Each structure stands twice: as C-alpha cells, then as structure tokens.
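Colleague: Pasting a structure here, questions to come.
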Amino acid sequence: MKLKIKKDEILKGLQRIQGVVDKKNTMPILSNMLLAADDKGVEITATDLEIGLRGRYAAEVEKPGAVTVSAKKMFEIVRELPDENIQIRVEDNNWVKIVSGRSQFKLVGLPREEYPSMPDVAEEGMITIAGDDLREMIRKTLYAAGENDARYVLNGLFVHLAPEKGGLKIRMVGTDGHRLSLIDRTVEAKHKEESVIVPKKAMLELRRLLEEDESQEGFRIGFSKNHALFKRGDLVMVSKLIDGNYPNYQQVIPQQNTKKVTIPRDLITHAVKRVSILSKEKTNALKLQLEKNLLLLSTNNPEVGEANEEPSIEFKGDSLAIGFNSRYLLDVLMAMDGQNITLELNDSLSPCLIKEEGNDLYRCVVMPMRV
C-alpha cells in the first residue's frame, strides 16, 4: 500500500474514531484502526465490537492495500505534523512508514485479516432525519440515560418510531430512574412501528459526528434485529442494540399537576447554580418552596454553611415545599431552550414536570427527594 493524503483530510478521519477504539485493551487489535486504500481513496475503520465507524477520505493512491495500525499513535503523529501532504506506505512485515517534510515515522502494523469486520446491516427501510434535528434530540435526552446501571436497558436511549398522520413520529427517551427526558419529532417517511434501545456510547459518538459541522444534510437511520445503522454520505456507523424491555416510562410522566409556575430559564438556572454551591456533595440536596408570588431556593449543609435565594415569580396556588437533587435539576435546565420554562408540581412526594414554555414536544421529569 502506498498513498499521499492531505493532513486535514486524514486528521478528520483519525479524530472521528478516537472515541470508538477500545481503551481497555481486552483485545490488542481493537486499539488499532483499519486503513484500506483503493482507487476511490482511503477508508478508515475502527470498532470495539459494540460500535463500528467507517469513513472514506480523498487520497492519491499509488498502490492499493490495507493494514491495521495503532489509532492513538497514528492520530498523535498526524496531529503534530506540518500542514503538508503526508505519505503513507506499508513495508515488509506490515511496518507502516509515515513521511511528511523532514519527519519520518515507522509504526508496527498487523495484517488486515486479523481485524474484525463490521456487521452488515441491510439499508432497506432506512429513514432520513435532518442532522440538526437528530443532534438536538440526542442533546436533550442523553444526559438522563443511565451510566453503568444494573438495569442495563437504562444504559441507552429508547427510540420509538410510530406512523401517524403527516409522517413518522420519532420519539427518544432517556431515564436513569431519577430523571427522565422525552422528545418527539415528526419526519416525512413511511416505516412500520418499531422500538429499539441504542447504547449511550453509540449516541455519544453519533452526537460528536453531528457536532463536527453544521451540515443540513440528512442522516439516514435504520435498524435490524440486533443493530442500528447511521449513514451520511461515505460515513457509516453501526452499533449493537441493547436487548431487553424498556420500562413503562409513560406512567412516570405526571398528567394532572395542580401547581404551575412559569419562570425565566436563565433566572432559575443561575439561582440553582449559586445555591447548590453549599449543598452536600453526596446528595446535592436543594429545597424548593413555593409561596404566593415567591420561590425560595435553599440548601443547608452543617459542615459548610447554608444558602438561599428568592427569585420573584407569579404564583397564586397553595404553598409547597419539595426537595430535589440540584445536579439533576441543572441537567434539565441546561438542556432547555427558549426564554421561559414551566414547572408543574403536585405535592412534595410527586415528580416535577418541566417543559419549555409553549412546547409540548419536549418534556422532562425530575423525581423529588427528602431534604
């Protein structure tokens, strides 16, 4: 294999795969990437056996071929090279030689035959969703998904496709049992009703790809029995799905909360940030009291001190005192857009529903705690 490629082009490909390559070294080959050159350019592939990412990049290929080489070392080398063309060639015993200007490197490579192949997922029935819509859906739900939760189905986002008048409704849900986030979008597509659970790491990598550029080009998404497929142009990502039944999240969403408060998002976000500085590190407990035209936020930590703040609001209902984990509350507030948000409450033991004012397509629930 022998090729010449621009630094920016290969660096883009190497950056994309850094989050995918296996850091645990369960199998040494998984810390490598597959570099494959043909007359159409060069393909860079990485997998950790759960997620696979493949992209094609423009290159002048003198001699086609393929090799696997350390993804981390290759990235670190290319990143530091000057902005010139980079020559890559494979020598005897799979040694990979990298030359740019007066710099030369040789990396140990392995034959392509040892590298695991990405699963083939049929592209039939794939649907297209605008990149910015998909990015927003992931951003607004991923924070609520579980992290190494014993209930393994919570360690991913629940994606539900449902045909309806005017198109296909895509719903994304994340929850860890303490908070829940749900968002709906409708796209012009025909698809059967389907539900899958996509692992958190896959959604994190997909979000990174979507945040790379502000491209309006649609992402195509599709599902097989065991895998999810995401595709845009020459960029392909495949992820294993989480097998299991997602909990009935609908029963957690309050339907008839009696107390509603609308408040500027920035006002309550900064107030919660300030007051929670003195909350206990383990519980992050924050007390929220509603009185007539008054919201009182307070924390009390005997080891450090106490804090309170009283943002003025419009509220005419019965008074209420309720406790929350301030970190969970902040995660929700930071994910919200728009000028105002609405808090819907019932009593001190019932979950709180938080929405952007005038937007019923995005709903968040935070469970209360004793303070």
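The values are calculated or read from the model by the stated rules, or taken from the named source; none is laboratory data. Predicted model only: the values in this text are computed from it and were never measured. Here Cβ is always computed from backbone atoms with ideal geometry, including for glycine, and neighbour counts include all displayed protein chains. Keep in mind that these areas ignore ligands, DNA and RNA; they rest on the heavy atoms of the full protein, side chains included. Shrake-Rupley method; radii C 1.70, N 1.55, O 1.52, S 1.80 Å.
Colleague: For the range 160-197, name all the residues that are in contact (Cβ under 8 Å) with a residue 60 or more places away in the chain, open to solvent by less than 30 Å² (accessible area, probe 1.4 Å) and under 20 Å from the mean Cα position of the chain (by Cα).
Modeller: Selection gives Val173, Thr175, Arg179, Leu180, Ser181, Leu182, Ile183, Asp184.
Colleague: Which numbered condition trips up Ser312, out of (1) among the small types (Gly, Ala, Ser); (2) more than 25 Å from Ser350 (Cα to Cα); (3) out of contact with any Ser or Thr (no Cβ under 9 Å at 6 or more places or on another chain)?
Modeller: Failing condition for Ser312: (2).
Colleague: Identify, by number, the condition in (1) within 16 Å of Asp266 (Cα to Cα); (2) modelled with pLDDT under 95 that Asn340 doesn't meet.
Modeller: Looking at each condition in turn, Asn340 falls short on (2).
Colleague: Could you count how many residues in the range 278-297 are open to solvent by 70 Å² or more (accessible area, probe 1.4 Å) and at pLDDT 95 or above?
Modeller: The qualifying residues number 1.
Colleague: What pairs come out if I take residues in the range 95-122 that are free of Cβ contacts under 8 Å to residues at least 40 places away in the same chain and within 16 Å of Pro28 (Cβ to Cβ) and pair them with residues that are in a helix (DSSP H, G or I) and open to solvent by 30 Å² or more (accessible area, probe 1.4 Å) whose C-beta lies under 7 Å away, six or more apart or interchain?
Modeller: Leu107/Lys73
Colleague: Considering only residues that are assigned to a helix (DSSP H, G or I) and open to solvent by 80 Å² or more (accessible area, probe 1.4 Å), which ones fall in the range 114-138?
Modeller: Here is the first cut: in the range 114-138, the ones assigned to a helix (DSSP H, G or I) are 114, 131-138.
Scanning the range 114-138 gives a single hit, Glu114.
This table checks each residue for (1) aromatic (Phe, Trp, Tyr); (2) in contact with an Asp or Glu (Cβ under 9 Å, 6 or more places away or on another chain); (3) loosely packed, with under 15 Cβ neighbours inside 10 Å.
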residue	(1), (2), (3)
Ile313	no, no, no
Leu320	no, yes, no
Asn325	no, no, no
Val332	no, no, no
Asp337	no, yes, yes
Glu356	no, yes, no
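Colleague: I would also like to ask the following. When you go through Ile77, Ile86 one by one, which is the residue that is under 24 Å from Ile5 (Cβ atoms), within 33 Å of the chain's Cα centre (by Cα), β-branched (Val, Ile, Thr) and open to solvent by 20 Å² or more (accessible area, probe 1.4 Å)?
Modeller: Working: Ile86 fails: open to solvent by 20 Å² or more (accessible area, probe 1.4 Å).
Unique residue meeting the criteria: Ile77.
Colleague: A follow-up question, please. Sort through Ile44, Ile17, Ile51, Ile5 and tell me the only one that's of a type outside the set (Ser, Thr, Tyr), modelled with pLDDT of 95 or more and in contact with a Gly (Cβ under 6 Å, 6 or more places away or on another chain). Give the steps one after another, and end with the answer.
Modeller: On the way: Ile17 fails: in contact with a Gly (Cβ under 6 Å, 6 or more places away or on another chain); Ile51 fails: in contact with a Gly (Cβ under 6 Å, 6 or more places away or on another chain); Ile5 fails: in contact with a Gly (Cβ under 6 Å, 6 or more places away or on another chain).
Of Ile44, Ile17, Ile51, Ile5, the one residue that is of a type outside the set (Ser, Thr, Tyr), modelled with pLDDT of 95 or more and in contact with a Gly (Cβ under 6 Å, 6 or more places away or on another chain) is Ile44.
Colleague: For the range 236-260, give me each residue that is at pLDDT below 95 and either in a strand (DSSP E or B) or crowded, with 18+ Cβ neighbours inside 10 Å (or both).
Modeller: Lys259, Lys260, listed by residue number.
Colleague: Still on this model: Among the strands (runs of 3 or more DSSP E) lying completely within the range 1-54, list those that include at least 2 residues that are touching a helix residue (DSSP H, G or I) at 6+ places or on another chain (Cβ under 8 Å) and either of a type in the set (Phe, Trp, Tyr) or closer than 21 Å to Glu113 by Cα (or both).
Modeller: Numbers: elements: 2-6, 32-38, 41-47.
The qualifying strands (runs of 3 or more DSSP E) are 32-38, 41-47.
Colleague: Oh, and also: In the range 139-159, what residues are in contact with a helix residue (DSSP H, G or I) (Cβ under 9 Å, 6 or more places away or on another chain), open to solvent by 10 Å² or more (accessible area, probe 1.4 Å) and not in a helix (DSSP H, G or I)?
Modeller: Within the range 139-159, Glu147, Asn155, Phe158 qualify.
Colleague: How about the range 265-296: which of its residues are part of a helix (DSSP H, G or I) and of a type in the set (Val, Ile, Thr)? Give the derivation first.
Modeller: Our first condition is that a residue be part of a helix (DSSP H, G or I); within the range 265-296, this holds for 265-278.
Ile268, Thr269, Val272, Val275, Ile277 - these are the residues of the range 265-296 that are part of a helix (DSSP H, G or I) and of a type in the set (Val, Ile, Thr).
Colleague: So, one more: Within the range 48-71, is there a residue that is closer than 15 Å to Val21 by Cβ and surrounded by fewer than 19 Cβ atoms within 10 Å (Cβ to Cβ)?
Modeller: The first filter runs over the range 48-71 and keeps only residues closer than 15 Å to Val21 by Cβ, leaving 48-55, 68-71.
Right, trim to surrounded by fewer than 19 Cβ atoms within 10 Å (Cβ to Cβ) and you get 49-50.
Checking the range 48-71: at least one residue is closer than 15 Å to Val21 by Cβ and surrounded by fewer than 19 Cβ atoms within 10 Å (Cβ to Cβ).
Colleague: Going through the range 35-82 one residue at a time, which ones are closer than 22 Å to Pro199 by Cβ and in contact (Cβ under 8 Å) with a residue 60 or more places away in the chain?
Modeller: Listed by number, the residues that qualify are Thr45, Thr47, Leu49, Glu50, Ile51, Gly52, Leu53, Arg54, Gly55.
Colleague: Can we say Phe219 is modelled with pLDDT of 95 or more and either within 23 Å of Asp360 (Cβ to Cβ) or crowded, with 16+ Cβ neighbours inside 10 Å (or both)?
Modeller: Numbers: modelled with pLDDT of 95 or more: no; either within 23 Å of Asp360 (Cβ to Cβ) or crowded, with 16+ Cβ neighbours inside 10 Å (or both): yes.
In short, no.
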